[in-house]
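First up is the structure itself, then whatever we jot down about it.
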Amino acid sequence: MYQALLQQQLETLKSSNQYRTFTTLSRICGQYPLARLEDGSQEPVVVWCSNDYLGMSQHPAVRGQMHKALDAYGAGSGGSRNIGGSHDLYARLEANLAEWHGKEAALVFPTGFGSNDATLQCLLRRIPDCVVISDELNHASIVNGIRSTPNERKIFRHNDIEDLELILAGYPSNRPKIVVFESVYSMDGDIAPIAEIISVAKRHNALTYLDEVHAVGMYGPRGAGVAAELGVADQVDVIQGTMAKAIGVIGGYIAASQIIIDSVRSFATGFIFTTSLPPAVTAGCLASVEHLKASSAERERLHAQTALLRERLKHYDIPVMPCSQTHVLPVLVGEATRCKGAAERLLRKHGVYLQPINFPSVPVGTERFRVNATPNHSEEQIEHLAISLRETFDHFTIPLASQAFGTEVA
């Protein structure tokens with residue numbers, strides 16, 4: 001009975017084109033964004049949808065420190081930090097992250113999903129009668145953390161200050177409240193009105209919780225994020241980030257006041273009862289953060305290559321959704337079956353790896369490719385991608401920008 005129930009759900013998933021399959025890629029160290037397919041093809045493919053935004057997973061300083069830590073301390077951490085013990089590398093990494101964001105302290109988790117999930121659950125459970133107000137496009141990790149508590153919750157329309165104000169005004173000033181939002185939204189590539197959200201939240205005596213995972217390393221002074229770029233990071237109560245994207249390794253973190261950090265460290269079950277990052281991984285994260293705080297070369301080239309990619313996609317009338325303001329370029333396909341077919345053609349005919357993004361990650365009718373250039377992509381690779389997308393769009397009769405938007409948009 002149980003197998004049949006699950007099988008039926010899987011078949012429904014497949015029939016609606018929501019079933020996910022893995023493409024097995026072996027990234028080539030030192031040659032990012034190139035990777036080899038598992039089928040033994042001689043020619044490598046070019047990866048265009050990795051979250052390794054700055055190619056830091058390949059950086060010699062990062063790999064070198066990971067090798068040193070592996071040889072010095074071994075492979076694993078030995079358990080949670082409470083039981084297996086903490087490590088000097090953790091203290092150094094957390095101090096670096098706190099200083100990066102101008103906060104008193106920071107706390108590292110094994111994943112970015114875990115840092116959102118555990119922190120939000122903890123704050124909502126420890127602050128009596130707290131209402132959480134969340135942007136409607138917040139990441140699944142945020143949604144999961146919120147839904148795991150019995151707290152009253154409200155959803156405000158995406159980046160809509162007036163809607164947020166209306167919701168907050170419905171509660172007395174002394175009622176605990178927390179507003180949760182992101183800086184860069186990963187599926188649309190847009191940026192939240194951070195300063196305005198902070199202003200409204202503070203006016204109604206609400207805490208602010210900002211997810212900067214798609215911004216750290218790439219925006220702001222020393223790569224400290226969009227809030228830092230706007231000069232308002234000091235007004236955000238909790239900044240959450242990841243080390244799995246621009247930093248190029250894995251792990252999540254929060255940066256906040258000493259009291260908030262100590263409370264999460266002391267009460268969050270998702271932190272207390274999980275194995276900590278291995279020393280080698282922590283060393284890689286630390287090396288990457290230190291490098292990105294000191295070097296602007298990677299992010300400057302990222303933004304230059306993104307601008308070039310936008311221009312070449314516009315030239316070929318490829319429909320980049322106009323919501324995008326960042327390095328994330330959502331290319332509209334608009335139908336799940338064609339999105340999947342187009343991805344397969346791009347891979348097999350053109351050597352371009354792009355993952356189809358379908359419902360529930362995005363609304364039905366907005367199926368897309370989520371494209372991003374990196375400092376490692378060459379001008380030749382950018383031109384090849386644009387030509388390949390145009391050929392594929394023509395092959396599947398996917399509307400071009402001039403058809404989808406009424407004008408060329410990029």
Distance between modelled label sites at A91 and R157, nm, 7 Å Cα→Cβ extension: 5.1
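Which of the helices in the chain, when you take each full DSSP H run, stretch at least 18 Å along the axis at their Cα atoms and have an average Kyte-Doolittle score of 1.0 or higher?
Details: long enough: 2-15 (20 Å, -0.51); 60-73 (19 Å, -0.47); 88-101 (20 Å, -0.51); 112-126 (21 Å, -0.22); 279-294 (23 Å, 0.72); 297-315 (27 Å, -1.18); 336-350 (20 Å, -0.91); 379-396 (26 Å, -0.52).
Helices meeting the criterion: none.
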Sites L166 and D71, calculated FRET efficiency, Cβ-Cβ separation with R0 60 Å, nearest 0.05: 0.55
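On average, how much accessible surface per residue is there in the chain, in Å², for a 1.4 Å probe, leaving out ligands, DNA and RNA?
Numbers: 17740 Å² over 410 residues.
Accessible area per residue: 43 Å².
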Carbon plus sulfur fraction of accessible area for the chain, probe 1.4 Å, in percent: 53
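Place the peptides 43-50, 12-19 in order of packing, highest mean first, counting for every residue the other Cβ atoms within 10 Å and averaging per peptide. Don't jump to the answer; show the numbers that get you there.
Numbers: 43-50: 19.1, 12-19: 12.6.
By packing density, highest mean first, the sequence is 43-50, 12-19.
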Listed candidates (1) 58, 56, 56; (2) 82, 50, 40; (3) 76, 49, 37 - label of the one calculated as Cα extents along the principal axes in Å: (1)
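DSSP loop chymotrypsin sites (Phe, Trp or Tyr not before Pro) in the stretch 282-372 with at most 10 other Cβ atoms within 10 Å of their Cβ, which ones? All intermediate terms of the calculation are to be shown ahead of the outcome.
Values: sites: Y316, Y353, F369; in loops: Y316.
Sites meeting the loop and neighbour criteria: none at all.
Can you figure out the FRET efficiency of E136 with R345, using R₀ = 35 Å and their beta-carbon distance, to the nearest 0.05?
Working: r = 33 Å, r/R0 = 0.95.
Approximately 0.60, to the nearest 0.05.
Could you give the size of the charge dipole of the chain about its Cα centre, using +1 on the Cβ of each K and R and -1 on the Cβ of each D and E, expressed in debye and rounded to the nearest 20? Intermediate results must be reported in sequence, preceding the final value.
Numbers: 36 positive and 43 negative charges, 146 e Å.
The calculation lands at about 700 debye.
If each residue of separation counts as 0.36 nm, what is the full-extension length gain between Y19 and R125 once their alpha-carbon separation is subtracted?
Working: separation 106, 0.36 × 106 = 38.16 nm, distance 3.45 nm.
Difference between extended and current length: 34.7 nm.
Which pairs, out of K103/K293; K154/K177; K14/K340; K154/K245; K314/K340, put more than 19 Å between their alpha-carbon atoms? Write down the numbers at each step before the final one.
Numbers: K103/K293 15 Å; K154/K177 10 Å; K14/K340 12 Å; K154/K245 29 Å; K314/K340 23 Å.
Exceeds cut-off: K154/K245; K314/K340.
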Residue-span extension gain [N174 to S80] - 0.36 nm each, minus C-alpha spacing: 30.2 nm
Nitroxide proxy distance, nm - points 7 Å out along Cα→Cβ at F273 and S199: 4.4
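Find how much the distance from H395 to H315 grows on full extension, using 0.36 nm per residue of separation minus their present alpha carbon separation; answer in nm with one decimal. Walk me through the intermediate numbers first.
Numbers: separation 80, 0.36 × 80 = 28.80 nm, distance 1.81 nm.
Result for the pair: 27.0 nm of gain on full extension.
Applying a 10 Å radius around every beta-carbon, put 267-278, 244-255 in order of their mean neighbour count, most first.
Working: 267-278: 19.1, 244-255: 25.8.
Taking the mean over residues of other Cβ atoms within 10 Å, the ranking is 244-255, 267-278.
Looking at the chain, what % of its DSSP beta bridges pair antiparallel, to the nearest 5? List each step's numbers first, then the result.
On the way: 22 of 40 bridges.
Roughly 55 percent of the DSSP beta bridges within the chain come out antiparallel.
The values are calculated or read from the model by the stated rules, or taken from the named source; none is laboratory data. Everything numeric in this text was worked out from a predicted model, so none of it was measured. Here Cβ is always computed from backbone atoms with ideal geometry, including for glycine, and neighbour counts include all displayed protein chains. For accessibility, only protein heavy atoms count, side chains too; no ligands or nucleic acids. Shrake-Rupley method; radii C 1.70, N 1.55, O 1.52, S 1.80 Å.
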